[in-house]
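Engineer: The structure follows.
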Amino acid sequence: MNDRVTRRQFVQAAAAGLVVPAALAPVRSARAAAPLPRTLGRPFGSDEIKIGLIGCGGRGTGAAVQALNADPGCVLHAVGDVFPERIESSLRGIRGEMGDNASSKVKVDDDRRFLGFDAYQKVIASGVDVVLLTTPPHFRPIHLEAAVGAGKHIFCEKPMAVDSPGLRSVVASAAAAKEKGLSLVAGFCWRYGDAERAAFDQVNGGAVGDIVTVHTTYHTGTLSQRPRQPEWSDMEWQLRNWWHFTWLSGDHIVEQAVHSIDRLAWATGDRDPVRATALGGRQARTGAESGYVYDHFAVVYEYADGTRAFHTCRQIDGCPSDNTDYIYGTRGSCTVNGWTPLHVVKDLAGKTVWSYEGPRRDMYQNEHDVLFRSIRDGSAHNDGDRMCRSNLMAIMGRMAAYTGQTVTWEQAMNSTQDLSPPEYGWVSLPVPPVAIPGRTKLT
Ligand SMILES: NC(=O)c1ccc[n+]([C@@H]2O[C@H](COP(=O)([O-])OP(=O)(O)OC[C@H]3O[C@@H](n4cnc5c(N)ncnc54)[C@H](O)[C@@H]3O)[C@@H](O)[C@H]2O)c1
């Protein structure tokens, strides 16, 4: 329950005007209000780097393997989850990936396998140097705040928050990490892809001229279900199917398509949009087993200079998939698709003038290589600014679609809509109604 208090206190502080609500302003105000000793430039002092994993699911297991492979001194020291079988299957998976090195890299004694909603506190207090935050995103602001407070270096999966109060907390935590000289790498993995970096370098370097517009897509099939068991409480059912519940996932525009919104932000120079207008709904995924998330969104982001950028996402079976960034400029266009893969620049006549031919290393491994290099050399890599902007853009798109209203950047940042449940525990938890544009209020 302590984490509830933390979050409520934060919301109250924001409502009382103690927290400055603007994407980058809180970073500055947090610095000004609470200067912390800077430790930048201090190389890591020990050969061994102890890692704690919080959230032992698919991504957490992968991230742990990548962390262990990133530096010869990395060892997995502690793990935490709310379900015991996830801990065991994750450890099995990690050991399997480590092969002959498993016993020297995976040193998680029985008393460092923590279970429950407070497992994160125990992992953080277990003597780790680095934490990997890979639970469903609802919990990220709380976990991030605790990790930064305890002086840990962090790998933080996307998205970092599902609502504006959570996002403001993340902004403050990212700023505190910077002040403390802690490394903070965000799981916006495409920013670490070799081909994507080269392509966006082309775009940001002027290869297509001035940006006229951008359209990014994240069109996929629907999500899997874990059928409800009679012994499951509402909370257990929702947690085991977390991507169907907006309070846990943020809806798929925030949980999944945020990658494409992050690349939209990348293509437009990582600027705050002025406002967003969006359409969305659920047509193919309407049953109670699908919670209250939508299955499609279309968002228009408007910038101060009049530029409009577009994002569409869909999770409906039987429709073509697409995960492409279409970037149009005054001198040509750039198309980026990491799935096919395709990274090309064309001139206005449609002739290819650049295409990526270089190496394509594993972008997930690249993230951890950057994180652990920066821990070793004390350079305190910090993805805070851009991860918060892209995350808020996705929340803003959802708010605009759910309400049917045009939402300004300030409204998105100032929103007091807190999606948290009243308590954390194996309790009953009614499912909120599906949002109806024009009726659901902007708060
Ligand atoms: N960057 C990427 O490409 C990428 C890919 C997949 C997932 N992700 C992100 O990683 C995160 C996890 O996704 P996943 O696919 O691994 O989901 P998952 O369901 O496989 O894993 C989540 C784990 O967290 C545990 N958990 C839930 N609540 C917890 C709590 N309060 N404390 C501790 N553990 C808790 C769950 O039991 C589960 O084991 C999500 O934010 C997701 O968006 C990112």
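Engineer: Scanning for something within 11 Å of the ligand (Cβ to nearest atom), modelled with pLDDT of 95 or more and touching a Lys or Arg at 6+ places or on another chain (Cβ under 9 Å), does the range 62-76 turn up at least one residue?
Structural biologist: Checked the range 62-76: no residue is within 11 Å of the ligand (Cβ to nearest atom), modelled with pLDDT of 95 or more and touching a Lys or Arg at 6+ places or on another chain (Cβ under 9 Å).
Engineer: So which residues in the range 229-278 are among the aliphatic types (A, V, I, L, M) and under 24 Å from ARG59 (Cβ atoms)?
Structural biologist: Taking the range 229-278 first, the residues among the aliphatic types (A, V, I, L, M) are 235, 239, 248, 253-254, 257-258, 261, 264-265, 267, 274, 276, 278.
Residues satisfying the conditions are MET235, LEU239, LEU248, ILE253, VAL254, ALA257, VAL258, ILE261, LEU264, ALA265.
Engineer: What residue, among those in the range 345-356 that are part of a strand (DSSP E or B) and without any contact (Cβ under 8 Å) to a residue 60 or more places away in the chain, is nearest to the chain's Cα centre (by Cα)?
Structural biologist: The initial filter retains those residues of the range 345-356 that are part of a strand (DSSP E or B), namely 345-347, 352-355.
Among the residues that remain, those that are also without any contact (Cβ under 8 Å) to a residue 60 or more places away in the chain are: 346-347, 352, 355.
Numbers: LYS346: 31, ASP347: 34, THR352: 33, SER355: 29 Å.
Step by step, filter the range 345-356, then rank; the result is SER355.
Engineer: Same structure, new question: In the range 46-60, which residues are in contact with a strand residue (DSSP E or B) (Cβ under 8 Å, 6 or more places away or on another chain) and over 13 Å from THR135 (Cβ atoms)?
Structural biologist: Passing the criteria: GLU48, ILE49, LYS50, ILE51.
Engineer: Could you list all residues from the range 193-205 that are in contact (Cβ under 8 Å) with a residue 12 or more places away in the chain and either more than 16 Å from the ligand (Cβ to nearest atom) or of a type in the set (Asp, Glu) (or both)? It would help to see each step written out before you state the result.
Structural biologist: Residues of the range 193-205 that are in contact (Cβ under 8 Å) with a residue 12 or more places away in the chain, as a first pass: 193-196, 198-200, 202-204.
Correct list: ASP194, GLU196, ALA198, ALA199, PHE200, GLN202, VAL203, ASN204.
Engineer: Next question, about the same structure. Using beta carbons and a limit of 9 Å, which pairs, at least six apart or on different chains, have the first residue in the range 257-268 and at pLDDT below 95 and the second one away from the ligand (no atom under 16 Å from the Cβ)?
Structural biologist: none
Engineer: Quick check on PRO359: is it away from the ligand (no atom under 16 Å from the Cβ) and farther than 24 Å from ALA265 by Cβ? Let's see the steps before the verdict.
Structural biologist: Working: away from the ligand (no atom under 16 Å from the Cβ): yes; farther than 24 Å from ALA265 by Cβ: yes.
Against the criterion (away from the ligand (no atom under 16 Å from the Cβ) and farther than 24 Å from ALA265 by Cβ), PRO359 qualifies.
Engineer: While we're here: Would you check which residues across the range 239-255 are within 10 Å of the ligand (Cβ to nearest atom) and of a type in the set (S, T, N, Q) and list them?
Structural biologist: Matches in the range 239-255: ASN241, SER249.
Engineer: Which of the residues that make up the range 156-192 are farther than 29 Å from GLN411 by Cα and buried (at least 24 other Cβ atoms within 10 Å of the Cβ)?
Structural biologist: Within the range 156-192, the first condition is being farther than 29 Å from GLN411 by Cα, and the residues that meet it are 180-183, 192.
Hits for the range 156-192 are LEU182, SER183.
Engineer: Considering each of VAL258, VAL274, VAL299 in turn, give the residue that is closer than 14 Å to THR217 by Cβ and away from the ligand (no atom under 15 Å from the Cβ).
Structural biologist: Going through VAL258, VAL274, VAL299 in turn, just one is closer than 14 Å to THR217 by Cβ and away from the ligand (no atom under 15 Å from the Cβ): VAL299.
Engineer: Among the candidates TYR364, TYR356, which residue alone is more than 19 Å from TYR218 (Cβ to Cβ) and touching a helix residue (DSSP H, G or I) at 6+ places or on another chain (Cβ under 8 Å)?
Structural biologist: Values: TYR364 fails: more than 19 Å from TYR218 (Cβ to Cβ).
Only one candidate qualifies: TYR356.
Engineer: Here's something else I'd like to know. Restrict the check to the range 401-418 and report whether at least one residue is buried (at least 17 other Cβ atoms within 10 Å of the Cβ), within 16 Å of the ligand (Cβ to nearest atom), touching a residue at least 12 places away in the same chain (Cβ under 8 Å) and within 20 Å of SER173 (Cα to Cα).
Structural biologist: There is no residue in the range 401-418 that is buried (at least 17 other Cβ atoms within 10 Å of the Cβ), within 16 Å of the ligand (Cβ to nearest atom), touching a residue at least 12 places away in the same chain (Cβ under 8 Å) and within 20 Å of SER173 (Cα to Cα).
The values are calculated or read from the model by the stated rules, or taken from the named source; none is laboratory data. Here the structure is a predicted model, which is why all the values come from computation and not from measurement. Virtual Cβ from ideal backbone geometry, glycine too; neighbours counted across all protein chains shown.
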